[in-house]
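Worksheet: the structure to be examined is printed underneath.
The values are calculated or read from the model by the stated rules, or taken from the named source; none is laboratory data. Keep in mind it's a predicted model, so treat the numbers as computed, not measured. Methodologically, a virtual Cβ is constructed for each residue, glycine included, from the backbone with ideal geometry; neighbour enumeration extends over all protein chains shown. The protein model used for the area step is the full one, side chains on, heavy atoms only, and it has no ligands, DNA or RNA in it. Shrake-Rupley method; radii C 1.70, N 1.55, O 1.52, S 1.80 Å.
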Amino acid sequence: MTHIATCILELLKANSGVAAIVGDRIYPDALPYRSDTDPTLPALVIVHVSGTPDNLLDDISLDRVQVSCFSNPQEVNGVKAPTEVEQLAQAVKTALHIPGLKKSPLSQTVSGVVHYIFSISMTGERRFRESQTDYYHKPLDFMVSYRKD
């Protein structure tokens, strides 16, 4: 996982609203499937999708990071409700919405490298039920503007 995705993972782990829903079940790249058990849900998965240097500003990178929210609610009267995955998605959006970063960047250190995050903006979201697992899955796409020192 890239450093900037690790920064996002650490921001989410430190947020009390997110932790109240998922505890420490925030994973890089994929849910932890084992042959004998399904993963404990709700949970988050952080994936670095892409990254590119900013064409206008030297030393600034713009990366796309996806935060996938997963839940597997119990059926009630034969119906699964998306309430839990929607609450988790809202907690993630709240945790990553930090106004005023351009004036005072957020600094995160990963493996001895300091990252100054200038903006985190959500660019898209979608909710669906996965056909193989029947889990609710709501991926949230974020663009992160940052500089490394």
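A few comments on the model shown:
- Filtering the stretch 23-52 to residues that are out of contact with any Phe, Trp or Tyr (no Cβ under 9 Å at 6 or more places or on another chain) and among the aliphatic types (A, V, I, L, M) leaves ILE26, ALA30, VAL47, VAL49.
- Residue, farthest from PRO105 (Cα to Cα), within the stretch 15-61, restricted to residues that are at pLDDT below 90 and touching an Asp or Glu at 6+ places or on another chain (Cβ under 7 Å): GLY51
- Search result, residues across the stretch 106-136 that are among the hydrophobic types (A, V, I, L, M, F, W, C) and open to solvent by less than 70 Å² (accessible area, probe 1.4 Å): LEU106, VAL110, VAL113, VAL114, ILE117, PHE118, ILE120, PHE128
- Residue tally, condition within 14 Å of the chain's Cα centre (by Cα) and of a type in the set (Ser, Thr, Tyr), over the stretch 72-122: 2
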